[in-house]
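First the structure, in the form of structure tokens, and then the observations on it.
Quick note: the coordinates plus some simple rules give every number you see, no bench work behind them. As the structure is a prediction and not an experimental result, all values here were calculated from the model. Counting neighbours? That spans all protein chains shown, and the Cβs are built from the backbone with ideal geometry, glycine included.
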Ligand code: GLA
């Protein structure tokens, strides 16, 4: 073991020298903004049916029994994004139960999944300001959460993407003109009211955070204040204050058991804009925190992208959650695994320490997917597990656990 550790350390030093500088000067644009389509669903890789057995890893057998949720129990919940198909996969659910204590529906709680198009269209004009929703797709997951003591992040109530065009038109037909501000405010209020009320009444206490508004800041193509305009029907119909109204309604219908969050990608580059745009929402007392998606790459600097940004939000009076963590890499093979693990280690070290000493106020970290094949960035292998016959821990998992024989690389 000792010989292996020394070899590993030597390899890491060389690898760092060869790659770290080059990579860190190559920040990647977060791809979240460009995806409109739901990410790939999982279960595409055939798997052996045996229950995963401990690997007796090179880091020592003692790590086989440890779990992410226990490792960070004193600091934050450890969550994972799951498509509904995972709830039917016993092998994967065993890992989910062991490792995590929170989840986010990958797509099933988004407006395009909850809005019932047929019933809403058929009911018009009675449904004009009361769209019909269908909660069938989230019941299994919420039942699982209730039975197994998981918390759920409610993702997401108001988003420019994955919200169908027909929802914004006068008679709910895709080709019809867009509605007035007044009607869209009423639809927004009804939608938020129905989703929150269903969850609060049927699954009290299960949702602990709502992403009330997702990705409303776009400093490249947004309006003068930085609010996203492009392809944004909320902006088109209501105007930039759709953000304020979404939070107003969320506060109005909240039973107080869940925090209200603004969620976005690329927070390092737009943190000032986010805080400026949210100032009136904060002033009105309608927001609790900011969700930093953290779709990162091994070329990103973890101190800047995560620690400094989270500290900035904490100092501005917001709680922080890391809501969609993945660290993609364009490197290949063992080298990719090691660098990625070192980045995960740095991130968790920084966040845990800053949480412990009160520099950041964070109570939840969620990875955006269970394993690489299920990731929306599967080409960049960004997650903590991969399928090798069956679901298997990557070096990244050990990095996230902060094992001593992986060095941190900020
Ligand atoms: C954004 C959204 C997520 C997800 C990812 C891509 O980050 O907030 O819900 O759609 O894009 O998968």
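Counting other beta carbons within 10 Å of each residue's own, what order do 59, 92 fall into, fewest first?
With the sparsest Cβ surroundings first, the list reads 59, 92.
For the residues 153, 117, 377, a GNM of the chain with alpha-carbon springs under 10 Å puts the largest fluctuation on 117. Sorting 221, 373 by the number of Cβ atoms found within 10 Å of their own Cβ, with the fewest placed first, yields 221, 373.
Extension gain for residue 136-residue 353 works out to 74.1 nm (0.36 nm per residue, less the C-alpha to C-alpha distance). Could you tell me the distance between the Cα centroids of the stretch 142-199 and the stretch 281-316, to the nearest Å? A separation of 25 Å, based on Cα centres.
Ordered by the count of other Cβ atoms within 10 Å of each Cβ, fewest first, 129, 314, 257 give 257, 129, 314. Annotation: extensible slack from residue 202 through residue 126 equals 24.8 nm (criterion: 0.36 nm per residue apart, minus Cα-Cα distance).
From the alpha carbon centroid of the stretch 365-406 to that of the stretch 335-355 is 12 Å. Note on residue 181 and residue 166: the model spin-label points, each 7 Å out from Cα along the C-beta direction, lie 2.8 nm apart. With both labels modelled 7 Å from their Cα along Cα-to-Cβ, the residue 66 to residue 272 distance reads 4.0 nm. Per residue, the average separation of C-alpha pairs within less than 8 Å and at least 6 apart gives the chain a relative contact order of 18 percent. Spin-label point model (7 Å from Cα, Cβ direction): what's the residue 283 to residue 90 distance in nm? Output for this residue pair reads 5.8 nm. Extension gain for the segment residue 98 to residue 252, taken as residue separation times 0.36 nm less the Cα-Cα distance, is 51.8 nm to one decimal.
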